[in-house]
Amino acid sequence: MIVPHDKLETFAADLLEAGGFAADEAKITARSLILSNLMGHDSHGIVRVREYNEDLKKGITASCVDLKILTETGNSIHADAQFGLGQVQMPRLLARLFAKAANTAIVTGALVNCGHAGRLGEWAEAAAGKGYLAFMAINDNGLYQLVAPHGGIEPRTSTNPIAFACPLKDGDIFSLDLSTSATAMGKVRVAYLSGQKVPEGLIQDHDGNPTTDPATLIDEPKGSILPFGGHKGFALSMMVDLLVSGLSGGFMPPAPSGAKAANNGVLALWNPAFFAGAAHMQNEAEKYLAHMRNTKPRNAAHPVRLPGERARAALKDRLKNGVPFDEGFAEKLSRYAGKLGVTSSPFPRQ
């Protein structure tokens, strides 16, 4: 099933507004979600709409709240998102950091009490689009314990993603966006809603046995996601919790009683003009990336692919041809729209 992206964006905005979000926030958030679908990151796309609406209804997420500045210096901002969605609050934080980064070498932002931050790569790429190197990390305030430590069977931390972006020549961007877990929970959720299995080696059941059944992470007794790269991914995940909660004022696992579910984040921007200069960085990056692409592949039919290239190819294809959807998930989403009285579903009737 293929759906035009513009109709999908309108549908997502209508669902969010029907769920209680302010119209402007619904449109901003829908644009971000569908961009994720366009880039092939369906785990951070329209699949999140129902979750966002349910969180708003439960009081986990808020609409129409300001970005509250807690402390601010010439090169730092510590802010409270007051549980507003990341798609709304992150651009506000970035705008303030961009104004500082233009006149200094390094700026850092720490954000506490944020609703789901969305796809981290979007915010790192936004910074690279302004000419800055960017690094970002997010955690889940100590509440969503989904990932088992290396060698363990009990979940102890969340998927703790990180993102990095570097500006290249002619407005191009190198970007990296990954979870420190073997898979993102959103990808497990997409598989569950679509009636599919997850690849081997990503999750385990509550007894520590390998499984490909996504219901293991949804139904009780719940299993856990594995850290990527064994002990190395586990170590990176710990770094994220220590860095993010330590600077933002949020919590590391286990969260104290009464803590609210939220994202906390840290974002750092470097202005290359205050170091070796943008020209040096971009010339070296161009040489370096070409060196990597020209590596002789094991299989000639599959040349070496760099981080972000699959997403850019998906964006080009899906902008032109539409976004593919599993029919089972499309049917679930259409039924949900019917409950909300939303009539703009782009999915054909079965």
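The values are calculated or read from the model by the stated rules, or taken from the named source; none is laboratory data. Just so it is clear, the structure is predicted and the values come from calculations on it, not from any experiment. We place every Cβ from the backbone using ideal geometry, glycine too, and count neighbours over all the protein chains shown. Heads up: the accessible areas ignore ligands, DNA and RNA and are worked out on the full protein's heavy atoms, side chains in. Shrake-Rupley method; radii C 1.70, N 1.55, O 1.52, S 1.80 Å.
Here are the numbers for this structure:
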quantity	calculated
Strands (runs of 3 or more DSSP E) wholly inside segment 108-181 that include at least 2 residues being of a type outside the set (Phe, Trp, Tyr), open to solvent by 10 Å² or more (accessible area, probe 1.4 Å) and within 25 Å of residue 205 (Cα to Cα)	none
Qualifying residue in segment 112-130 (condition: farther than 30 Å from residue 324 by Cα and out of contact with any Asp or Glu (no Cβ under 9 Å at 6 or more places or on another chain))	yes
Filter result (touching a Ser or Thr at 6+ places or on another chain (Cβ under 9 Å) and open to solvent by 40 Å² or more (accessible area, probe 1.4 Å)) within segment 55-82	74, 75, 78
Residue match in segment 187-194 (condition: without any contact (Cβ under 8 Å) to a residue 40 or more places away in the chain, assigned to a loop (DSSP other than H, G, I, E, B), surrounded by 19 or more Cβ atoms within 10 Å (Cβ to Cβ) and among the hydrophobic types (A, V, I, L, M, F, W, C))	no
Set 301, 255, 279: member being among the small types (Gly, Ala, Ser) and surrounded by 12 or more Cβ atoms within 10 Å (Cβ to Cβ)	255
Failed item in (1) under 30 Å from residue 270 (Cβ atoms); (2) open to solvent by 60 Å² or more (accessible area, probe 1.4 Å); (3) out of contact with any Asp or Glu (no Cβ under 6 Å at 6 or more places or on another chain), with residue 27 passing the rest	(1)
Of all residues making up segment 163-199, the number that are within 20 Å of the chain's Cα centre (by Cα), closer than 20 Å to residue 305 by Cβ and of a type in the set (A, V, I, L, M, F, W, C)	10
Residue list for segment 327-350, restricted to those being open to solvent by 50 Å² or more (accessible area, probe 1.4 Å) and either of a type outside the set (D, E, K, R) or assigned to a loop (DSSP other than H, G, I, E, B) (or both)	338, 340, 341, 343, 348, 349, 350
Residues of segment 229-255 that turn out to be part of a loop (DSSP other than H, G, I, E, B) and either in contact with a helix residue (DSSP H, G or I) (Cβ under 6 Å, 6 or more places away or on another chain) or in contact (Cβ under 8 Å) with a residue 60 or more places away in the chain (or both), as a count	8
Any hit, segment 261-268, residues being out of contact with any strand residue (DSSP E or B) (no Cβ under 6 Å at 6 or more places or on another chain) and either open to solvent by 90 Å² or more (accessible area, probe 1.4 Å) or farther than 30 Å from residue 139 by Cα (or both)	no
Failed condition for residue 312, given (1) open to solvent by 60 Å² or more (accessible area, probe 1.4 Å); (2) in contact (Cβ under 8 Å) with a residue 24 or more places away in the chain; (3) in a loop (DSSP other than H, G, I, E, B)	(3)
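Residues checked against (1) over 25 Å from residue 25 (Cα atoms); (2) of a type in the set (S, T, N, Q); (3) touching a Leu at 6+ places or on another chain (Cβ under 9 Å):
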residue	(1), (2), (3)
63	no, yes, yes
73	yes, yes, no
78	no, no, yes
90	no, no, yes
97	no, no, yes
107	yes, no, yes
119	no, no, yes
158	yes, yes, yes
